[in-house]
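Have a look at the structure below before the remarks.
The values are calculated or read from the model by the stated rules, or taken from the named source; none is laboratory data. All values reported here derive from a predicted model rather than from experimental measurement. Glycine also receives a Cβ, built like all others from the backbone with ideal geometry; neighbour counts cover every protein chain displayed. What goes into the accessible areas is simple: the full protein's heavy atoms, side chains included, and nothing from ligands, DNA or RNA. Shrake-Rupley method; radii C 1.70, N 1.55, O 1.52, S 1.80 Å.
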Amino acid sequence: MTSAGWYLRRLSRMGPAEVAGRVGDAVRRRRWRRVLTAPVATVWHEQRRFAATVPGAALASVPPAARQRLVASADRILDGYAEYFGRTRDDLVSPDWSFDPKTGRRAPADVYAFDVPYRDEEAIGDVKQIWEPSRHQHLTVLAAAYAVTGEDRYAERIADHLKSWWAANPPMYGVHWVSGIELGIRLLSWVWVRRLLDGWPGAAQLFEHNPVALHQIYWHQRWLATFRSRGSSANNHVIAEDAGQLAAACAFGWFPDSPRWRSDALRSLDEQLRHNTFGSGLNRELATEYHGLVLELGLAGLTEASRAGMAVPRSAWLTLRRMTDALAAVVDTRLRPPRQGDADDGYGLVLDGEGRDRWAALLTTGEVLFGRLGWWPKVADAEVFTALVGSLAAPPELTGDRPAGRPAHFADAGLTILRAGAGNEEIWCRCDGGPHGFLSIAAHAHADALSLEVRHGGVDILADPGTYCYHCEPEWRRYFRSTLAHNTLELDGADQSVSGGPFLWTRHAESQVLVVHTPRTGVARWCAEHEGYSHTNGPALHRRSVELDDATGELRVLDEVLGSERHPCRLAFHLGPAVEADLDGSTARLRWPGEDGERTAVLELPPELSWTWHRGETDPPLGWYSPGFGVREPAVTLLGTGTAEPATGLATTLRFEGARE
């Protein structure tokens with residue numbers, strides 16, 4: 001249960017306008033109880049038609065491999081199976097929409113939504129496990145399978161699930177009416193379900209001629225128009241709210257309020273996309289998975305507005321173009337972007353089966369909409385997402401400069417990518433010298449200032465361990481976003497930034513990039529520092545310098561503590577899950593499987609520290625890697641412990657054997 005202290009800390013991060021807005025929300029929430037005691041009638045237009053269909057040519061353009069994956073996934077869903085955050089559901093033939101298979105608990109479905117203690121696992125279970133199936137993205141997979149096969153069995157299961165969900169979750173009852181991001185994404189799913197079922201004889205009876213569906217669609221949109229995320233919470237949540245509202249008001253424009261809802265949502269989506277995005281194109285949350293989520297949501301929302309003939313601001317399309325160019329710039333040779341900040345595996349719109357490559361789909365869609373730049377990485381096959389979304393969106397011809405070459409440094413985000421080699425021999429190194437996070441609470445940030453992430457041929461060598469969990473298992477939440485859990489230096493046993501709760505930081509470390517030199521050949525250099533330890537035992541600056549030698553493939557790291565005091569320190573290097581390590585004193589020999597046999601490297605660690613080997617420890621947690629939300633697996637952590645002396649550097653060298661001839 002969230003404590004009173006958390007609420008006070010959370011309040012301290014709000015400005016006066018946000019506090020006033022939240023007081024107004026509290027008043028509105030009390031008034032909305034009338035939906036339970038005296039339901040308000042839903043008014044809709046007498047004439048209703050769904051016109052936002054998908055062109056037949058778009059369906060025909062779905063690549064055979066993507067179609068095959070889609071149908072296989074849809075068949076598995078028909079059999080009742082789906083995986084959510086490491087848990088396999090086997091009850092999706094007839095799901096219990098309030099059940100959490102992780103804890104075996106059920107959230108109450110018969111109480112006022114804003115009375116549900118959704119953060120309390122003991123009361124309702126893991127809310128992420130409950131919410132995810134109700135985003136109805138498994139239904140968009142079934143709908144896409146129907147669209148490419150014409151087989152009624154997919155449509156009939158969709159109808160069963162929607163009728164079941166609508167009956168179990170009337171407006172303002174239960175946990176599915178608590179969070180705006182859930183309502184927004186659910187509306188996006190419903191729009192695409194209706195679109196992809198257009199050839200099915202029962203589609204109109206399921207949606208526009210169904211009073212229950214109309215009631216649900218109306219109240220979802222009215223909720224979003226009333227309870228907007230605001231202030232320090234106006235991150236990816238508000239993007240989802242705006243995109244869902246815009247899509248529904250365009251595609252389901254069956255209500256007197258539809259024109260106002262769609263114009264307000266489009267204006268806000270344009271504003272919030274710009275607010276959530278650096279000028280360089282990277283997402284301001286500095287959590288890469290949310291870059292993908294916001295880009296998907298933006299594409300889905302603007303696609304509907306464009307399809308409906310709205311005058312979409314050029315600034316909105318330009319923001320999405322910058323985001324796509326930035327994504328193309330930061331991915332490695334396997335099209336994997338950095339593993340930075342929080343990640344909960346959330347998607348804005350799912351149209352592909354299992355095995356989909358989110359990043360490839362976004363790049364191929366960007367190529368269709370904005371044009372591919374010569375330096376973009378090559379993507380072999382398009383996905384269903386690209387074939388369908390790319391066929392509906394119609395951005396105007398956009399002017400403005402785009403990067404002539406592949407950017408390596410994003411000054412506003414403080415992110416730098418050092419590279420050497422190419423293909424299976426590419427050495428990719430992410431250096432973090434940016435802001436701690438976005439807005440006053442930096443909800444999805446980790447205490448990872450000056451951390452490194454290193455890959456060889458797309459394989460994690462020095463890895464960002466990931467996220468693992470949000471609301472539940474607080475000890476693991478603390479670990480995965482701690483300084484110790486990242487490839488950086490910890491002083492005085494403290495995190496660089498001060499946590500006030502699972503999605504709250506009360507003090508943010510401030511970083512500054514001092515040197516960036518990224519030539520095409522030769523030695524690339526980066527240097528940055530942060531003052532996050534000024535709140536511990538005597539002020540201290542942590543400065544880190546990194547060099548990557550293109551000729552030798554050698555990576556050199558120097559950590560310095562600037563100040564007058566000695567500080568107890570720990571320097572961690574977290575290895576990827578495929579990497580094994582033999583530690584001998586301050587030398588670690590690394591090995592991992594490669595496409596052409598076993599690969600090896602030598603990691604020379606600072607001899608001034610005492611080095612220990614850890615893997616899969618739980619008391620306290622150390623030596624873990626989270627490949628996806630809700631999943632963790634043992635991985636090797638090399639931990640150096642000792643004292644950081646003033647003006648004395650700790651030098652680390654990583655040499656890839658055979659990486660360069």
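What are the semi-axes of the equivalent ellipsoid of segment 342-492, taken as the square roots of 5 times the eigenvalues of the Cα gyration tensor, listed largest first and rounded to whole Å?
31, 21, 17
Here segment 1-67 has an Rg and Dmax of 23.6, 57 Å, counting Cα atoms alone.
Within segment 293-402, the GluC sites (Glu not before Pro) that combine a DSSP coil assignment with at most 14 other C-beta atoms in a 10 angstrom radius are E354, E397. With the convex hull drawn over the C-alpha atoms of segment 116-176, the volume per residue is 77 Å³.
Surface composition of segment 182-227: carbon plus sulfur atoms hold 53% of the accessible area, using a 1.4 angstrom probe and ignoring ligands, DNA and RNA.
If you find the alpha carbon centre of segment 195-260 and of segment 440-457, how far apart are they in angstrom? Taking the Cα centre of each part, segment 195-260 and segment 440-457 sit 35 Å apart. Relative to its residue count, segment 601-645 spans a Cα convex hull of 109 Å³ per residue.
Consider all pairwise Cα distances in segment 179-337 and report the whole-number % of them above 20 Å.
Percentage above 20 Å: 49.
Based on the reciprocal of the average 1/r between different C-alpha atoms, the Kirkwood radius for segment 350-406 equals 12.4 Å.
When the trypsin sites (Lys or Arg not before Pro) in segment 310-408 are filtered for DSSP coil states and for at most 11 other beta-carbon atoms within 10 Å of their beta-carbon, the remaining sites are K378. The angle separating the long axis of helix 64-78 from the principal Cα axis of greatest extent in the chain is about 70 degrees. Note on segment 1-118: Rg/Rh from C-alpha atoms, Kirkwood Rh, equals 1.11. Per residue, the solvent-accessible area of the chain (1.4 Å probe, heavy atoms of protein chains only, all protein chains present) comes to 36 Å². Per residue, the convex hull spanned by the Cα atoms of the chain amounts to 149 cubic angstrom.
In segment 522-633 the Cα-Cα distances spread across 5 Å bins starting at 0 as 2, 9, 14, 16, 19, 19, 14, 5, 2, 1, 0 percent of all pairs. So how tilted is helix 137-149 from the main axis of the chain? Cα-based, degrees 0 to 90, rounded to 10. Helix 137-149 and the main axis of the chain meet at about 70 degrees. Give me Rg over Rh for segment 30-81, both radii from the alpha carbons and Rh done the Kirkwood way, two decimal places. So for segment 30-81, dividing Rg by the Kirkwood Rh gives 1.30.
Annotation for segment 24-48 versus segment 364-420: alpha-carbon center distance of 42 Å. Globularity index of segment 549-609 is 1.42 (Cα radius of gyration / 2.2 N^0.38 Å, N = number of residues). Taking only the alpha carbons of segment 408-503, we obtain Rg and Dmax values of 14.5, 42 Å in that order. With coordinates expressed along the principal axes, the C-alpha atoms belonging to segment 125-239 extend over 46, 27, 25 Å, beginning with the largest. For the chain, the relative contact order comes to 11 percent (Cα pairs under 8 Å, sequence separation of at least 6). Dimensions of segment 459-579 based on its C-alpha atoms, expressed as ranges along the principal axes with the largest first, amount to 46, 40, 22 Å. Checking every one of the trypsin sites (Lys or Arg not before Pro) in segment 168-227 against DSSP loop status and a limit of 11 other Cβ atoms within 10 Å picks out no site at all. Expressed as a rounded percentage, what relative contact order does segment 491-610 have, with Cα pairs under 8 Å and six or more residues apart? About 16 percent, as a whole number.
Across every pair of non-identical alpha carbons in segment 52-163, the mean reciprocal distance, once inverted, gives a Kirkwood radius of 15.5 Å. Each semi-axis of the equivalent ellipsoid for segment 585-661 is √(5λ) with λ an eigenvalue of the Cα gyration tensor; in descending order they amount to 24, 22, 10 Å. If you plug the beta carbon distance of D584 and V27 into 1/(1 + (r/R0)^6) with R0 = 56 Å, you get a FRET efficiency near 0.30. Helix-only arithmetic for the chain: the sum of -39500 (n - 2.57) across DSSP H runs with n ≥ 4, divided by the residue total, places the mean residue ellipticity at 222 nm at -10500 deg cm²/dmol.
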